Amino acid sequence: AQSVTQPDIHITVSEGASLELRCNYSYGATPYLFWYVQSPGQGLQLLLKYFSGDTLVQGIKGFEAEFKRSQSSFNLRKPSVHWSDAAEYFCAVGVPNTGNQFYFGTGTSLTVIP
Amino acid sequence: NAGVTQTPKFQVLKTGQSMTLQCAQDMNHNSMYWYRQDPGMGLRLIYYSASEGTTDKGEVPNGYNVSRLNKREFSLRLESAAPSQTSVYFCASSERGTQPQHFGDGTRLSIL
């Protein structure tokens with residue numbers, strides 16, 4: 001069965017520092033991969049997605065993620081974190097050509113220190 | 001620019017009561033989804049609708065029913081609420097299947 005693991009429950013970084021959030025997946029083939037962000041009291045917002053092609057994908061708000069097939073990973077990065085980036089981040093995996101086989105990780109909570 | 005609208009935002013029920021959570025989207029999307037979010041568990045799919053008139057079970061469908069009333073609306077019904085259904089419920093939509101694109105702000109449901 002497909003699964004998504006976000007090893008870090010909570011991460012704290014200083015404003016201006018770089019950020020990397022980890023995501024590993026388990027799936028037989030190459031799945032569709034996504035990162036979402038959730039601010040307190042709100043729904044999720046799609047940051048970026050990977051379907052195929054270039055393994056480095058750019059998203060909104062200055063985020064990027066890199067798909068590494070050999071490591072079954074899709075880590076999210078940002079060169080310089082802003083205080084407004086404090087939120088919950090979710091990695092997700094979708095099985096191609098299905099609608100109901102889509103799985104979220106348990107999330108990583110990001111705190112940004114001024 | 002409403003996007004995905006969920007009502008109500010908050011609700012408290014007693015065990016055994018029934019209620020319907022409403023969701024509407026104004027983006028002419030084909031696919032709609034209902035998720036529940038529980039602490040430490042991420043979001044889990046309850047039901048999914050690829051298009052008007054079709055629905056499919058997700059990961060945790062037990063205790064829920066859905067109706068895709070038209071292209072805009074997708075409702076979630078709890079027939080006999082149980083404390084285990086205390087959660088935050090999110091509706092989402094996308095142009096077509098594969099992944100949810102736009103989320104509502106959620107319905108916070110407590111069952112006593």
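The values are calculated or read from the model by the stated rules, or taken from the named source; none is laboratory data. Note that the coordinates shown come from a computational prediction; the quantities given were computed from them, not determined experimentally. In this analysis, Cβ positions are derived from the backbone assuming ideal geometry, glycine residues included, and neighbour counts consider all displayed protein chains. In case anyone asks, the SASA skips ligands and DNA or RNA and just uses the protein heavy atoms, side chains included. Shrake-Rupley method; radii C 1.70, N 1.55, O 1.52, S 1.80 Å.
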Next item on the list: Provide the buried accessible surface between chains A and B in square angstrom, both chains summed, 1.4 Å probe, rounded to the nearest 100.
Entry: 1600
Check: Among the aspartates and glutamates, which fall within straight-line cross-link reach of B:K57, defined as a Cα-Cα distance under 20 Å, with same-chain neighbours fewer than 8 residues apart omitted?
Finding: B:D38, B:E73, B:E79, B:E95
Checklist line | Within chain A: Cβ-based charge dipole about Cα centre, in debye rounded to nearest 20 (Lys, Arg +1; Asp, Glu -1) | finding: 220
Next item on the list: Could you tell me the accessible area of A:R22 in Å² (1.4 Å probe, neighbours in place), rounded to the nearest ten?
Entry: 110
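At 25 °C and a viscosity of 0.890 mPa s, what translational diffusion coefficient does Stokes-Einstein give for segment A:26-88, taking Rh as the Kirkwood radius over Cα pairs? Give it in µm²/s as a whole number. Please report the intermediate quantities before stating the final value.
On the way: Rh = 12.7 Å.
The estimated diffusion coefficient comes to 193 µm²/s.
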Check: Cross-link partners among lysines for A:K61, C-alpha distance below 16 Å, same-chain residues fewer than 8 apart left out?
Finding: A:K49, A:K78
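On average over all directions, what projected area in square nanometres does chain A have, based on the convex hull of its Cα atoms?
Values: hull surface 28.0 nm².
Mean projected area for chain A: 7.0 nm², to one decimal.
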Notebook entry, point to check: Dipole magnitude of segment B:1-105 about its Cα centre, charges +1 at Lys/Arg Cβ and -1 at Asp/Glu Cβ only, in debye to the nearest 20?
Noted result: 140
Check: How large is ³J(HN,Hα), in whole Hz, for each residue of segment B:58-74 in order, when computed from phi with the Karplus curve 6.51 cos²θ - 1.76 cosθ + 1.60 and θ = phi - 60°, using x for Gly and Pro?
Finding: x, 6, 10, x, 5, x, 10, 9, 10, 9, 9, 5, 6, 5, 7, 10, 9
Notebook entry, point to check: Going through segment A:1-76, which chymotrypsin sites (Phe, Trp or Tyr not before Pro) have at most 16 other Cβ atoms within 10 Å and a DSSP loop state?
Noted result: A:F51
Item checked: Proximal lysines to B:K9, defined as alpha-carbon separation beneath 23 angstrom and excluding residues fewer than eight positions away on the same chain -> B:K71
